[in-house]
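Input: a single structure, listed below in C-alpha cells.
The values are calculated or read from the model by the stated rules, or taken from the named source; none is laboratory data. For clarity, every value in this text was computed on a predicted model and none was experimentally measured. Because the Cβ atoms are built from the backbone with ideal geometry, glycine has one as well, and the counts that use them run over all protein chains shown. All accessible areas refer to the heavy atoms of the entire protein, side chains included, with ligands and DNA or RNA removed. Shrake-Rupley method; radii C 1.70, N 1.55, O 1.52, S 1.80 Å.
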Amino acid sequence: MYCRYCGKELPGKPNFCSSCGKRLQEADGDSPSTSQTIQSPTLQTFLEYRKKKAEERQKFSCGKKAAKKPEKINVGLVSMVKGGGLKPLRGRSLCLSTHPDITAPDLLDQAVKKMKDFNKDLDDGPFILLYPDCSEVVNVPGTETPFMLKTYKEEIGKPYQRITIYICSKTDFEEVGKLSATCDTDSDPEIVIKRNTTLDLADTLPFEPYNMSSPVHNEPEDLNSARGLSLSSDLPQTIVLDNDHDYASPSGCHDVKSSCYRTYTDLFGPIIIDDDDEDEVPIPDKTHDMASEEFEPTSVQAAEVIANLALAIDHKKVSRFNISRSDVWDGAVRGFRRSTYSESSDIFVKFTDDAGSFEEGLDTGGPKREFLTLLMTHLRNRPIFDGPPERRYLVYNSTAVREDEYFLAGKMIVVSIIHGGPAPHFLSKDLVNHLLGKTTFNATVEDVTDEELRKALRQVQEAESDESLQDVILQYSTMFQTAGCLRRTKVHERHMLIEDYLRWYILGRNQIAIQRFKEGLASLQFLTALQQHSGVLAPILCHSSKALTASEMESLFRPDRSPRGSNRWQKENQTIGFWADFLLDCEEKVAAVSLEDVLMFASGLAALPPAGMTPSPSIEFLIDSPFPMACTCTNTLKLPLLDTYRVFKTNMEFGIQNAPGFGCF
C-alpha cells in the first residue's frame, strides 16, 4: 500500500501515514464522513435548482407593457340654420373610440367615417372639425400648440366621456363666415323685427300675448297682435312679422288651428327675413366668433400676408451663412443649426468660390435671394421627398428623422418665403390639403415611384371582372394588408381600393415626418397664416403651370433713361428695343438662355417671389462694356449700348451664361 499524498510505501492498511501523518481511510473514500455525504450536491440536484430559479424569473417578469386603451368621446354634427348661424343637430351625437394622442386631421377622418356609417344621408363633404363654440380645430384654444386630444382634455379639465367635438360641412362653414357680422355677445338679448311678404303661416307658432299668465284655449285667437315666436331670456331671438296685416290694429283674426309645428326644433336658431327696402343684415350664431373676412380667398393678397409676417424680423440682428455654390446644402444646414441662428433675424450671406476665397461683394439683398433660390432647388431633390418633380410629398427616412431634417425643411421654406426668397412650388396638393386639415385627396397611380407597387395598382385598375380583381388582390395581398385595405372588392369599387392604398402610401405611413415638417412650418407664425389664408398662401407651395412671360419681364424692369432729345437717349431707345426682342427670343426658346436665367442674372431669383421684389427692378445702360452687368442687391440690370441686335443678343447670351454669382460678368 502506498500513501496517495507522499507516495511512501506502507505495510498493511494503516489509518494514518507514518511519513506525512495524513488520514488514509478518509482520503481513499473507504469511510466518508457524514458531513461530506450531506453537503456534496449531485447533478440531479443542480438541474432541479436551475429549473426552479428559471420558473421564479419567469414568474416575476414584468412582460410587455400594456397598450394604451382607446378613450371614448362624443362627436356631433353642425349645420347652417336659416339665417346664417351654425347649430348642432339634435339626436346626431355619436360615441367615438379613439386614441388620446390623435391629432386634428386623424380625428376628423374618424369622425366623418363614424357619421357616414350611421347617417347614410350625410353629404360627401369635405368637412372641417369644430370646437363647441364653432371655431375650427387647429390649435389647442388659447395656445399655439397643435391640437391633440390628450392635450385638449388636460386644458379643459373634463373626462373624455364629456368631450364633444363637431364636424361641419366646409360649404356651410364658409357660407356662415361670409354672412357673419360683428356681434356683441355680452349685450342683453335683442329682438330683431324683419318684415316679409312671403311668410308661410305654417312656419310660425302661435303664442298668447305677454300679459296673459296662462294660455286660454277657448278664446278666439287674435294673431294680428300676438303672432310670432316665443322669446328666451338668454338667447337673441327674431320675431317674424307679415306685411299683409296691420299689427297696430287689434282687428282681423285668423284661424290657425291647422298650423303645422314642423319647425318647432328650429326655434332656437335665428331666422332672418329680407326687407324689400334694405340690405340683409344677418344675425350670427352667438357661439360663432370667427372673423370670416380672414378666410376670404380674394380679400387679401399673398404679398400683404407675407409683409405682415415679415414685421417679426429684427433687421438689427443678423444670422450669418457661409455658402459654397458647389455644396449649398451643407452650408445651409450648418447655418440653420448654429446655436446663434434665429429665423426672426435678418440673413447675411457670404459666398465662396470653389477655390475657397471670398467674393468681393457682401450681402445687401442679392446674395440672400440667390442663396434661397439655390436652397429651394436643392430641397426639392432631398431624399425626404418622393413623387413626381412637380408634386412632391414627404416620405419617411430614418436618417432624416435622426437628423431632424423634416423640421429643418419646413423652417427653410418659411424663411425663404418671408425673407424675400422664392416659394418651393413643388409640394403635392394632397400634402398641403392634409397640412390644412382638409380631406380632399386626388392622388393618382402615377404619384407612386416604386415600379412594383405601380404595376400592382395598374393591374387593379385594368381588372375587368370580380374574379380577375380578386386574383390580383390575392397576388398582392401583403401589399394591401400592410396598408390596411385588404378586403373583398367588386370591380365597380376598385377605385376606392386604389384611393385607400394611395392615401396610406402618401399620408398614412409618413405621419411622423409630416407632423415634424408641420412644426417647422409653424416658424414665424406661417402655419397659422396658411390656415387662415389658405386661398392665397397654399398655391405658392404647390406647382404652378404658369410660366414667366416676356411681357412680365419687360414691365418688371423700368429703364432709367437719359434726358429726352440727347444723343444717348436715342441710343438707349434702340437698346430698349433690342431688350424687348431678346426677351421674346428667350420666351420662344430661340435664345441660348431662358427668361428664368435672365431674372436670376439680374436679381438672384429664378422666379418672382411671393413677397414681391424690393427694391423695384430697373435698367441702366453701359458705354464702356460690350457685355451686360447686374447688381442683384439693387435689382439693377445694366445693358450694353451696341449697334446691331445680332451683337446684342450674342453678348447677352455669353454674359449671362458665364456670370454665376452676383450677375457680374
Item to complete: May I ask you to list the lysines whose Cα is less than 18 Å away from that of Lys150, ignoring any residue fewer than eight positions away on the same chain?
Response: Lys68, Lys69, Lys72, Lys158
Worksheet item: Reachable lysines from Lys649, Cα under 23 Å, same-chain residues fewer than 8 places away excluded?
Response: Lys571, Lys589, Lys638
Practice prompt. Can you pull a Stokes-Einstein diffusion coefficient for segment 468-514 at 10 °C (1.306 mPa s), Rh from Kirkwood over Cα pairs, as a whole number of µm²/s?
Written response: 143 µm²/s
Worksheet, complete the sentence: Checking rank on 634-647, 89-102, with mean other Cβ inside 10 Å and highest first, the result is 634-647, 89-102
Worksheet item: Taking a probe of 1.4 Å, how large is the accessible area per residue of segment 401-539, in Å²?
Response: 43 Å²
Discussion item. For a protection proxy built on the mean count of beta-carbon atoms within 10 angstrom, sort 587-598, 524-535 highest first, please.
Written reply: 524-535, 587-598
Practice prompt. Quantify, in whole percent, the carbon and sulfur part of the accessible surface of segment 448-532 (1.4 Å probe; protein heavy atoms only).
Written response: 48 percent
Practice prompt. Restricting to segment 527-640, compute how many DSSP beta bridges are antiparallel as a %, nearest 5.
Written response: 30 percent
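Order the peptides 603-610, 319-326 from the highest to the lowest mean number of other Cβ atoms within 10 Å of their residues.
Peptide ranking by packing, descending: 603-610, 319-326.
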Item to complete: Pop out the carbon and sulfur fraction of the accessible area of segment 539-611 as a percent, whole number, probe 1.4 Å.
Response: 50 percent
Item to complete: Scale the Cα Rg of segment 521-665 by the rule-of-thumb value 2.2 N^0.38 Å and send over the ratio, two decimals.
Response: 1.20
Item to complete: Give the dimensionless ratio obtained when the Cα radius of gyration of segment 461-606 is divided by 2.2 N^0.38 Å.
Response: 1.86
Worksheet item: In square angstrom, what is the accessible area per residue of segment 561-649 with a 1.4 angstrom probe?
Response: 46 Å²
Worksheet, complete the sentence: For segment 128-169, the accessible surface attributable to carbon and sulfur atoms (probe 1.4 angstrom, ligands and nucleic acids excluded) amounts in percent to 46 percent
Response to the item:
Taking a straight Cα-to-Cα line shorter than 20 Å from Lys178, and setting aside same-chain lysines fewer than 8 residues away, one finds Lys82, Lys87, Lys170, Lys286, Lys438
